Every structure is written in structure tokens, then in C-alpha cells.
Amino acid sequence: MYKLVAIDLDGTLLNSYGEVSENTKKALQEAKKRGVEIILSSGRPISSTESMALELGVDNYLISGNGAAVYDIKRQEIIYDRFLTKEQVLDIAKLCEENSFFYNVYTEDEVIASSLNYNVLFYHKENVKKVEERRTHINVVQNIAEYIEQSGKERFLKITVCDESQFIFNRIMKRLKEINGIDVLEVAYMSRKTIKDGTDDVDIKYYYTEITNQNVNKWTAIQFLLNKLNIKENEVMAIGDNMNDKEMIQEAGLGVVMGNSNPKMKEIADAIVADNNSEGVLEAFNKFILK
């Protein structure tokens, strides 16, 4: 039996509109009643991931920033971290600004950006449907580097860099890989999300990468929780869709990916379920947890 399920959010548990189906919510609660530890494992800030965890009632622990932090929800404290330093963030910010690359910085409680674009625009539209205390806090500033230098912030989860042009994005990747002491996520395909503009659906499409401190990934954060909870690695089911889920899909007792997953992820998965708009997570729970 699987005693812990780690679930990615965007592209996995959440559909293209950032929502979770009612049937999926019920399945999560039924698994929780049976003693299964459910861990939301996301690239989002702690505050944004926590709001989703509270909404779903899976409120013990969460993983944020692609594994940069593990957060104890009930005690309201970080119990494991591998943050980027201010110096690392400023070095990356300088590179991005000198080359006019769009980027945003994730802290524990907010996304710092210079405009509402790409992933930040999706969070902004998602916020419209949420009450104030459940929103992803977006801090739009004129100059990100100057704000960070003056804000007194010292702990950073990750940086996301985006562009619509594959040519420009490839140039971004080449430059970022020249920086020592960081991990640069390899994402070879375009992200596609959907927002509502009145009654119309509008697609947001962009290439992106995510930058963390070295040796940060979701599986390492999960291993910290396994030691704490006395759960074995083969008692873990991990569900994801993208390259930031790679390690946990490979190493978990059962690695499940969505029908909308990166093709490389499908090659390493133990099981493939329906896409995130067709309740793929519900399918996984019905097959492997609630059967």
C-alpha cells in the first residue's frame, strides 16, 4: 500500500484554468481518511501552495519551490530548506536585465515581477476567483534587482525565466548554464495555459526555465519527509507532468504521469493516466490508492 502521495499542481492536479474537480477533491479526502499522507509538491511559493492545500484539506506538509522548502502547515514553519542566496539571485537578475530576458523571483510568500506576463499573468487571473487570503501574492515592482537589494529579503525559492521565442529562449539557456552553483531546469517544450477573458478562452504560451540552488528537487524534499514520517521509498506514489517532477517520478515506488506530460516524462513513468483536464489524478487515486 502507498502511504504517501506527492502531487504536482500546475499541469497535474490543476486543470488548465487552475481548478480541481469536485470528484478529485473527494478522492483526496477519502485517501486521507484511510491514513494516506498527501503532499502537494509544487514550484509555487509556500503561501500559494498552502492556500491550495487548505482548500483541499491536505494540511500537514507541503513542498514548495520545486523542493527548495518543506513547510509544516499546522506549525506554520519551514522545516527544510535549500534557498538561493541574495547574491545568486542578483547575479541572475543582472544577466536577465542586461539581455532583456523576462524573469520573476519566488520568495516564500510572493512572486516578484516587473509586469503581469506569462506565468505571472496566469497567477493573476487565477487570483480573481479566490478570496484574498487564498491568492498568490504578486508584487509588481519597477526594478526587481533594486527591490531585492533594498527589501532586506535573504531567502529565495527559485527564479523563472520566460520568452515566446524559442531562438531567444535557447540563448537564455546557454547564458544561464554559464553561472556556477545553480541548477537550470531543462524544459524543451512550450508551456500552455488558459485564462478567461470575459467569456473567451485565451491561451498563454511561452518557453520557460526554472532556476534553483544546486541539488534542489522534489524527491530530495520528499526523502526528508519520509525520514520524518518513517515511510519507505517504495511506499510513495508520485504524480507529475513536467521535468521538475523527474526525480520524484523516477525514484518513487510508483511514478505516475499525466496524459499531457512532457514526452520524456512518459518514457520514465510506471503509469500514464488521463490529462489534467480529464481528471487524471482522480484516475490514479482510483487505480492505485482507493481500489
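The values are calculated or read from the model by the stated rules, or taken from the named source; none is laboratory data. Every value quoted in this text rests on a predicted model; they were computed, and no experiment measured them. Here the Cβ positions follow ideal geometry from the backbone for every residue, glycine too, while neighbour counts run over all protein chains shown.
Would it be correct to say that S151 is assigned by TED's automatic domain parsing to the domain that holds L176, exposed (fewer than 14 other Cβ atoms within 10 Å of the Cβ) and of a type in the set (S, T, Y)? When the stated conditions are applied, S151 passes them.
Hey, can you tell me all the residues within region 52-70 that are without any contact (Cβ under 8 Å) to a residue 40 or more places away in the chain and either outside the structural domain of Q29 (by TED's automatic domain parsing) or surrounded by fewer than 23 Cβ atoms within 10 Å (Cβ to Cβ) (or both)?
Taking region 52-70 as the starting set, the residues that turn out to be without any contact (Cβ under 8 Å) to a residue 40 or more places away in the chain are 53, 56-60, 62.
A53, L56, G57, D59, N60, listed by residue number.
Of all residues in region 1-42, those satisfying the criterion of being modelled with pLDDT under 95, within 15 Å of the chain's Cα centre (by Cα) and outside any strand (DSSP E or B) are G11, N15, S16, G18, E19. Filtered by the rule that a residue be surrounded by fewer than 24 Cβ atoms within 10 Å (Cβ to Cβ), outside any loop (DSSP other than H, G, I, E, B) and either touching a Ser or Thr at 6+ places or on another chain (Cβ under 7 Å) or free of Cβ contacts under 8 Å to residues at least 24 places away in the same chain (or both), region 229-254 gives E233, N234. A93 meets each of the listed conditions (1) surrounded by 17 or more Cβ atoms within 10 Å (Cβ to Cβ); (2) assigned by TED's automatic domain parsing to the domain that holds N143; (3) free of Cβ contacts under 8 Å to residues at least 40 places away in the same chain apart from (3). Y80 meets each of the listed conditions (1) part of a strand (DSSP E or B); (2) within 23 Å of I138 (Cβ to Cβ) apart from (2).
Only one of the numbered conditions (1) surrounded by fewer than 17 Cβ atoms within 10 Å (Cβ to Cβ); (2) out of contact with any strand residue (DSSP E or B) (no Cβ under 9 Å at 6 or more places or on another chain) is not met by V202, and that is (2). Residues in region 39-50 include at least one that is under 24 Å from I148 (Cβ atoms), assigned by TED's automatic domain parsing to the domain that holds N276, charged (D, E, K, R) and touching a Ser or Thr at 6+ places or on another chain (Cβ under 7 Å).
Consider S115 carefully, then state whether it is without any contact (Cβ under 8 Å) to a residue 24 or more places away in the chain, outside the structural domain of D10 (by TED's automatic domain parsing), among the small types (G, A, S) and not in a strand (DSSP E or B). First the steps, then the outcome.
Working: without any contact (Cβ under 8 Å) to a residue 24 or more places away in the chain: no; outside the structural domain of D10 (by TED's automatic domain parsing): yes; among the small types (G, A, S): yes; not in a strand (DSSP E or B): yes.
Judged against the criteria, S115 is not a match.
Within region 259-278, the set of residues being crowded, with 20+ Cβ neighbours inside 10 Å and over 15 Å from V187 (Cβ atoms) comprises A269, V273, N276.
Checking the structure you have, find out if any residue of region 265-275 is assigned to a helix (DSSP H, G or I) and within 16 Å of S41 (Cβ to Cβ).
Step one: of region 265-275, the residues assigned to a helix (DSSP H, G or I) are 265-268.
Filter once more, so that each one left must be within 16 Å of S41 (Cβ to Cβ): 265.
Yes, because at least one residue in region 265-275 is assigned to a helix (DSSP H, G or I) and within 16 Å of S41 (Cβ to Cβ).
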